[in-house]
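Right, one structure below, let's go through it.
Any read-out appearing in this document is the output of simple, stated calculations on the displayed coordinates, not a laboratory observation. Everything quoted here is computed from the prediction, not taken from an experiment. All Cβ positions, even for glycine, are placed from backbone atoms using ideal geometry, and neighbour counts span all protein chains on display.
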């Protein structure tokens, strides 16, 4: 449930409009989503072994820490706090705000306050995004069980929403199967493959929630059996749903019309069924988006908590709340920075800014499996990745390819992400040298 809930979110309802700038044929569009699904399965199998080798809350932080160097583990944790997880929370929350405003008149949708001296604009979308971020942070602050109960309800609603979207989408007589033609270009060139690479940028983010079990592995019973099964079934379920939803988009619009439509899910269904019925589905879409936001907040806060337990972050963030037994300090720190990103960035900037760093550390985590095997580092008998070494090699190779394409296509946002990650170097020196990173922090409560 946690995997499906963490994957299904705002990405499936926005990404297709983004990648239509680079992909012009229906067959290529479906192919890219299939490739993204296969990449996710390869990555999921890789992470399944990693998370059973080191089943500790914090995921990649521990893999990179033990495989390469504590510095790389620290920079990963630093990046999740300041780029990837908080950036994902901000991106999802802003998307949530876009969809919520469809229920309000134009005067509210267009509301904004400009502060010219600092070049800042506060919009209705950003206000909605900040509000939903704080609400779900508070829910998870109250306890993992309460957050998990919400997650089950939200995830089931997400699955029902996508299945109903597909069923009702194809039931409309207003779509056209001619939108699928031509399926593929008559000739292929370098731009064709470059377009696939750029398209995978957004798709990688849309599928990226399959890593969530790695961050809560320490809280899962029988991880060597539960994690691999949950990973494969979760990703496979989402792949089928995502392909179906994208076929509905193509049934409603040819790829040329879909370009740069941020709320493609809303616009496609409105074209097929009209605005009144579409608003009903928008409610269900918002629930699906809330599901992803909740699970992202739930898992992301475990990383600064894990860093603190290793002596690589401020001690207070490694302390559990006395009553709720949650890493509440980490949750609110994560929330504060996510709010700052929401207020300072645009929708597309947040996507690229987040994905570049996410892909970079994802590739390094894939490489860490080979090193951990060579060093025979494991906490208990791990699950061995199916298809090893082919599946991890595919995952690492494709993620590096996406990384290069992102850097070439959108260097400004990519470099901004790298700068924020690099800002962690002096802090690593502070924690490792001054606070003595080898000193074990005792278990404590507030």
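Here the relative contact order of the stretch 217-329, from alpha carbon pairs under 8 Å that lie six or more residues apart, stands at 10 percent.
Every helix of 4 or more DSSP H residues in the chain counts as -39500 (n - 2.57), and over all residues that averages to -22500 deg cm²/dmol at 222 nm.
What the Kirkwood sum gives for the stretch 321-393 is a hydrodynamic radius of 16.1 Å, with every pair of different alpha carbons counted. Peptides 229-236, 86-93 ranked from most to least packed give 86-93, 229-236, packing being the mean of other C-beta atoms within 10 angstrom over each peptide's residues. Between the stretch 50-127 and the stretch 368-433, how far is it from one alpha carbon centroid to the other, in angstrom? Cα centroid to Cα centroid, the span is 19 Å. Based on the convex hull around the alpha carbon atoms, the chain presents an average projected area of 21.4 nm². Taking the average, over residues, of other Cβ atoms within 10 Å as the packing measure, peptides 13-23, 402-412 rank 13-23, 402-412 from highest down. Across the chain, C-alpha contacts under 8 Å between residues 6 or more apart give a mean separation that, scaled by the residue count, equals a relative contact order of 36 percent.
Its alpha carbons give the stretch 259-395 an Rg and a Dmax of 20.5, 60 Å. Sorted fewest first by neighbouring Cβ atoms within 10 angstrom, 85, 65, 383 come out as 383, 65, 85.
Each of 177, 78 was scored by other Cβ atoms within 10 Å of its Cβ. Listed from fewest to most, they are 177, 78.
Listed from fewest to most Cβ neighbours within 10 Å, the set 69, 141 follows the order 69, 141. Counting only alpha carbon atoms, the long axis of helix 264-273 and the longest principal axis of the chain meet at about 30°.
Dividing the convex hull volume of the alpha-carbon atoms in the stretch 238-281 by its residue count gives 77 Å³ per residue. May I ask for the percentage of alpha-carbon pairs in the stretch 37-107 that lie more than 13 Å from each other? It works out to 74 percent of all Cα pairs.
Here the stretch 187-342 is described by how far its Cα atoms reach on the three principal axes: 55, 40, 32 Å, from widest to narrowest. Based on C-alpha pairs under 8 angstrom that are at least 6 apart in sequence, the stretch 35-132 has a relative contact order of 17 percent.
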